[in-house]
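K.L.:
I have a structure I would like to understand better, so I am pasting it below and will then ask my questions one at a time.
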Amino acid sequence: MFIRKKNMGRASTPLLILIALGFFFATYNLVTMVIQSGSVEGMEDGWEWLQDPIRTITEKKNLKYHVALTATDAPYSKWQSRIMYYWYKKVKDLPGSDMGGFTRVLHSGTSDNLMEEIPTFVVDPLPDGLDRGYVVLNRPWAFVQWLERATIEEEYILMAEPDHIFANPLPNLARGDIPAGFPFFYIKPVENEKVMRKYYPIEKGPVTNIDPIGNSPVIIKKHILEKIGPTWMNISLRMKDDMETDKAFGWVLEMYAYAVASALHNVRHILRKDFMVQPPWDGEVGKTFIIHYTYGCDYNMKGELTYGKIGEWRFDKRSYLRDPPPRNLPLPPPGVPESVVRLVKMVNEASANIPGWDRLNS
């Protein structure tokens, strides 16, 4: 009797192994089919179920991304780039980070006095007058040149901006060939369908195929961005030349151009609301990855927001167009959201530790 049970135990072990392997490969094939399908419609927050063990097996060696921000040689752009690079270095090697190398893509055409401080690749600006004072129109052209001429070791690229601060270590949020982007509440392709159809013809499908994103922040495979880049550049120029489009989209025109260009290449993005926060509208940083300080933060001394009116306490990057903000900025009054407090503290830490902070523009 004992011998019989022992033999039965031996016979069941291979069977259990086969069952386990069958379950693993069934799950793996299901995930692979979903990834390859490229469909993310209606799944704004629903990609967490793509479990990391599968991802680790298939992509472990290729998760690193290259951080690339486009910038000018204006003082306003310089001090923001210095802060951004400072925090990149602080979080790059922390647990959870997939950061690789870093490049400031300088689209001023000539080198500047940050070349030794920040890894920089110089590209040409658009021909004189073509951007019509809309400087970010140079961004897609800068990426096209950089991708053609630079040696980039990483398979993925994070498109970032000078006014981004890394608040937490940022993993690669993309999944295979599906890039990850941040959904902006003010990018509304459906509400602008009439204008969208000038660039995204009806035969391409519904306007809902256009993601509510800009190019930044986006983590994307290099070879996919190489395809999108020229289209993004050409559509940006076409949009700027069209009075109706220019009026409709204003300062976010180039963002719409990237969204349309991606859709024309059948590229959809995983939409990650936790990609970044934008003070003062987002109150808590929490586990989000980037602080984007594009909006002015104005408060009275009671800690009440006075947006649209200069506050008794304020931090607005546009207050420092010609010179960097002074070291040791005063902290906001009690009651101001944590995201604003965190932002000012991070600016202060960077300015306190970057050599020559006040002398850069002298």
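K.L.:
Would it be correct to say that Lys61 is at pLDDT 95 or above, open to solvent by 50 Å² or more (accessible area, probe 1.4 Å) and out of contact with any helix residue (DSSP H, G or I) (no Cβ under 9 Å at 6 or more places or on another chain)?
P.N.:
Spelling it out, it is not the case that Lys61 is at pLDDT 95 or above, open to solvent by 50 Å² or more (accessible area, probe 1.4 Å) and out of contact with any helix residue (DSSP H, G or I) (no Cβ under 9 Å at 6 or more places or on another chain).
K.L.:
Something else about it: Quick test of your reading of the structure: Gly286 fulfils all but one of (1) outside any helix (DSSP H, G or I); (2) open to solvent by less than 10 Å² (accessible area, probe 1.4 Å). Name the failing condition by number.
P.N.:
The number of the failed condition is (2).
K.L.:
Take the residues in segment 316-338 that are within 23 Å of the chain's Cα centre (by Cα) and within 25 Å of Pro75 (Cα to Cα); name whichever of them is surrounded by the most Cβ atoms within 10 Å (Cβ to Cβ).
P.N.:
The qualifying residue surrounded by the most Cβ atoms within 10 Å (Cβ to Cβ) is Lys317.
K.L.:
Quick one: is Trp251 outside any helix (DSSP H, G or I) and farther than 19 Å from Ile202 by Cα?
P.N.:
no
K.L.:
Restricting the search to segment 121-144, which residues are over 17 Å from Tyr76 (Cβ atoms) and open to solvent by 10 Å² or more (accessible area, probe 1.4 Å)?
P.N.:
Phe121, Val122, Asp124, Leu126, Pro127, Asp128, Gly129, Leu130, Arg132, Trp141, Val144
K.L.:
Now, a different point. Limited to segment 93-114, what total is found for residues that are open to solvent by less than 60 Å² (accessible area, probe 1.4 Å), assigned to a loop (DSSP other than H, G, I, E, B), closer than 22 Å to Leu158 by Cβ and not charged (D, E, K, R)?
P.N.:
Residues flagged as open to solvent by less than 60 Å² (accessible area, probe 1.4 Å), assigned to a loop (DSSP other than H, G, I, E, B), closer than 22 Å to Leu158 by Cβ and not charged (D, E, K, R) within segment 93-114 amount to 5.
K.L.:
I need the full set of residues from segment 291-315 which are farther than 22 Å from Lys78 by Cβ, part of a loop (DSSP other than H, G, I, E, B) and open to solvent by 20 Å² or more (accessible area, probe 1.4 Å), in order please.
P.N.:
Passing the criteria: Asn300, Met301, Lys302, Glu304, Thr306, Tyr307, Gly308, Lys309, Ile310, Glu312.
K.L.:
Keeping to segment 167-217, report how many residues are touching a Pro at 6+ places or on another chain (Cβ under 7 Å) and part of a loop (DSSP other than H, G, I, E, B).
P.N.:
Total meeting the criteria: 10.
K.L.:
Further, regarding this structure: Return the pairs, sorted by first residue and then second, in which the second residue is at pLDDT 95 or above and in a helix (DSSP H, G or I), the first residue lies in segment 193-207 and is of a type in the set (Asp, Glu), the beta carbons are less than 8 Å apart, and the residues are 6+ apart or on different chains.
P.N.:
From residues that are of a type in the set (Asp, Glu), the pairs are Glu193/Val207.
The values are calculated or read from the model by the stated rules, or taken from the named source; none is laboratory data. Since this is a predicted model, take the numbers as computed values, not measurements. Here the Cβ is made from the backbone with ideal geometry for all residues, glycine too, and neighbour counts use every protein chain on show. Only protein heavy atoms, including side chains, enter the accessible area calculation; ligands, DNA and RNA are left aside. Shrake-Rupley method; radii C 1.70, N 1.55, O 1.52, S 1.80 Å.
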